[in-house]
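Q: What follows is a structure written as structure tokens; I'll ask about it next.
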Amino acid sequence: MSLMEELRMNEENLLRTERLPHVWCPGCGIGIVLNAFLRAVMRRKIDPNKLVVVSGIGCTGRAAGYVNVDSFHTTHGRGIPFAVGIKFARPDLNVVVFSGDGDLFAIGGNHFVNAARRNHDLLIIAVNNFTYGMTGGQHGPTTPTGAYTTTTPYGNPDRPFNIPHLAISLGAPYVARWTTYHVNQLQNSIYKALGMKGFRVIEIISQCPTVYGRRNTMRTPLSMMEYFQKNSIIKNDASFEELEIKYKGRIVVGEFRNVQGIPTYEERYEDIIRRAQNES
Amino acid sequence: MTENKNFKRKATVKILEDRCKGCWYCVNYCPTKVLVVSEKLNAKGYHPPEFREDEEHVCIACHLCELYCPDFAIVVEELK
């Protein structure tokens, strides 16, 4: 049996297959990301009993309900605080926060910023679909300037978050961005990040044909995928300007930061406990 | 059409039709176009893809349809 066949067979054990087909719309990219994540977990040979998937609220928040490992569907925006708590109580677990852009950067924006600053040992998989999909397509913190949504019918005046640049500026040791078109690169990136320590951020640009695409001349799932295919370029040393996502513009993807050896918060905290015990 | 005379038949693609939602990424991104949109409907009312090989279109077991499927509905079974 080849490796790919084996991965596909074991993937069914990591999914709660009785809940499938899932709630996501036809052509939604979250399924592709979940598929890549599960394959990366199996390739890393991580024990399913040592893996925790934490997610917030939203379309991507439903991912925690489909994985057959310990998972946590938390309150809106609080995926990272719950994950930090899990990591503190059980430092031996691999904690993954699997959530969407609205949950991680709007409602939970402050948690993201401060957890990244302290370098907690978490893997953040941020699925960015440019909008609030579940509530009907309102504009969110990652909607590109000029995009049409239900709450910005004449074009969005806001500037979107530049997520890789935000994470790099806060000192995250691993920062990457891919689109759902790059299935293999995405899987390898998650595989690499699972073997590292520290606050690792992977942003995945995903398609939302149902509420974002239909208002921005990409009505079908395939036309959104075609947009990613034609407009994404791989550039690992991209500058701030290049990392910005412009409406219908280029999407720069790649691995923007990959450094090792930065002590995590958990390590520094253990160090403090040891020092305090020696003094007393 | 791609010239596939050098390729040998390497796998069959099994479709779990009840999970399919008809996004047709698999049909579009199959490099040798062995998947086509079928006429039949599944329980949810979508047209699932159908595995159809002929002389020009042969499955090369690249597993790309599996990776692109957002609904976990494709299993590629390699032939021994």
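Q: Failed condition for residue B:41, given (1) open to solvent by 50 Å² or more (accessible area, probe 1.4 Å); (2) over 20 Å from residue A:226 (Cβ atoms); (3) within 11 Å of another protein chain (Cβ to nearest Cβ); (4) not small (Gly, Ala, Ser), with all others met?
A: Failed condition: (3).
Q: Please determine, by comparing only the residues of region A:153-177 that are of a type outside the set (Gly, Ala, Ser) and open to solvent by less than 10 Å² (accessible area, probe 1.4 Å), which one is farthest from residue A:125 (Cα to Cα).
A: A:156
Q: Still on this structure: Within region B:55-68, can you find the residues that are under 12 Å from residue A:33 (Cα atoms) and either hydroxyl-bearing (Ser, Thr, Tyr) or more than 7 Å from chain A (Cβ to nearest Cβ) (or both)?
A: B:68
Q: Confirm whether residue A:262 is open to solvent by less than 70 Å² (accessible area, probe 1.4 Å) and hydrophobic (A, V, I, L, M, F, W, C).
A: In short, yes.
Q: While we're looking at this one, here's another question. Hey, residue A:239 hits all of (1) within 14 Å of chain B (Cβ to nearest Cβ); (2) surrounded by fewer than 24 Cβ atoms within 10 Å (Cβ to Cβ); (3) closer than 22 Å to residue A:174 by Cβ but one; which does it fall short on?
A: Residue A:239 satisfies every listed condition except (1).
Q: In region A:240-260, which residues are free of Cβ contacts under 8 Å to residues at least 60 places away in the same chain and farther than 20 Å from residue A:182 by Cα?
A: A:241
Q: Just to verify a result, which residue in region A:115-136, among those that are in contact with a Cys (Cβ under 8 Å, 6 or more places away or on another chain) and in a loop (DSSP other than H, G, I, E, B), is most open to solvent (accessible area, probe 1.4 Å)?
A: A:134
Q: Let me ask something additional. Please determine whether any residue of region A:66-85 is under 17 Å from residue A:206 (Cβ atoms), open to solvent by less than 50 Å² (accessible area, probe 1.4 Å) and out of contact with any Gly (no Cβ under 6 Å at 6 or more places or on another chain).
A: Yes, the conditions are met somewhere in region A:66-85.
Q: Something else now. How many residues, within region A:190-225, are within 14 Å of chain B (Cβ to nearest Cβ) and either among the hydrophobic types (A, V, I, L, M, F, W, C) or open to solvent by less than 40 Å² (accessible area, probe 1.4 Å) (or both)?
A: Number of matching residues: 13.
Q: Taking only pairs six or more apart or across chains, which ones have beta-carbon atoms under 6 Å, a first residue in region A:2-22 that is more than 8 Å from chain B (Cβ to nearest Cβ), and a second residue that is in a helix (DSSP H, G or I) and at pLDDT 90 or above?
A: Every condition considered, the pairs that remain are A:7/A:39; A:7/A:42; A:10/A:42; A:14/A:38.
The values are calculated or read from the model by the stated rules, or taken from the named source; none is laboratory data. What you are looking at is a predicted structure, and each value in this text was computed from that prediction instead of being measured. Because the Cβ atoms are built from the backbone with ideal geometry, glycine has one as well, and the counts that use them run over all protein chains shown. Surface accessibility is based on the protein's heavy atoms, side chains included, excluding ligands, DNA and RNA. Shrake-Rupley method; radii C 1.70, N 1.55, O 1.52, S 1.80 Å.
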